[in-house]
Amino acid sequence: MREFEGRWLKIPEVQVVSLEQVKGTLVSLVGTAQVMIGAVAIIAVIVAVIGVVNTILMSVYERTGEIGVMKAIGAFRSDIFKLIWLETLAVCITGAVLGCLIAVVGASMVEAAIRKLINLGVQGSIVSITPTLIGGALVVAIVLGFFAGLYPAWRAASMRPIEAIREGE
């Protein structure tokens, strides 16, 4: 026993954490993740709107001669406006439907991969894409298409027939 005199037995530090503290930390992490996902979603929507406006403006630019001929043979500004605007809505709705299909298939594939790699002990699905969520995505796409098509449609409807035909040659 004399050889242990003056020496202290070192025990690693142990910290006791209550279940409430763990729960609070997890809730905080989930909240932070939701804010980050929301920010990424907003940025994605802004980029998508800019992309749609750019695509439709390029379509209008490429069809300048066609629009000029349509106006020269009697198409009203409202006819041209509706044509471009409905084209924008069709592009947005098609993109939304394809995006929803890809999201559903992708979510199920990711969930299957996670379940294969890690046993989470969770019954049911981890990712839930509900019909309400899909409907909401479609409504948002329609509303964004509605607004994204206004400027290109106005621009096409404002063309003067002679200048549009000359530019389109």
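Summary table below
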read-out	value
Enumeration of residues in the stretch 34-60 that are in contact (Cβ under 8 Å) with a residue 60 or more places away in the chain and under 19 Å from A96 (Cβ atoms)	V45, A48, V49, V52, V53, I56, S59
Condition check for S108: over 19 Å from V49 (Cβ atoms), of a type in the set (S, T, Y) and either touching a helix residue (DSSP H, G or I) at 6+ places or on another chain (Cβ under 9 Å) or not in a helix (DSSP H, G or I) (or both)	no
The stretch 99-146: number of residues that are among the basic types (K, R) and under 30 Å from W85 (Cα atoms)	0
Exclusive hit being among the aliphatic types (A, V, I, L, M) and surrounded by 14 or more Cβ atoms within 10 Å (Cβ to Cβ), set A157, A90, A112	A157
Every residue from the stretch 111-157 that is among the small types (G, A, S) and either in contact with a helix residue (DSSP H, G or I) (Cβ under 7 Å, 6 or more places away or on another chain) or at pLDDT 90 or above (or both)	S125, G135, G136, A137, A141, G145, A148, G149, A153, A156, A157
Scan of the stretch 57-81 for residues that are in a helix (DSSP H, G or I), under 12 Å from S158 (Cα atoms) and of a type in the set (F, W, Y), ordered by number	F81
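The values are calculated or read from the model by the stated rules, or taken from the named source; none is laboratory data. None of the values given here were measured: they were computed from a predicted structure. As a convention, Cβ positions derive from the backbone with ideal geometry for all residues, glycine included, and neighbour counts pool all protein chains shown.
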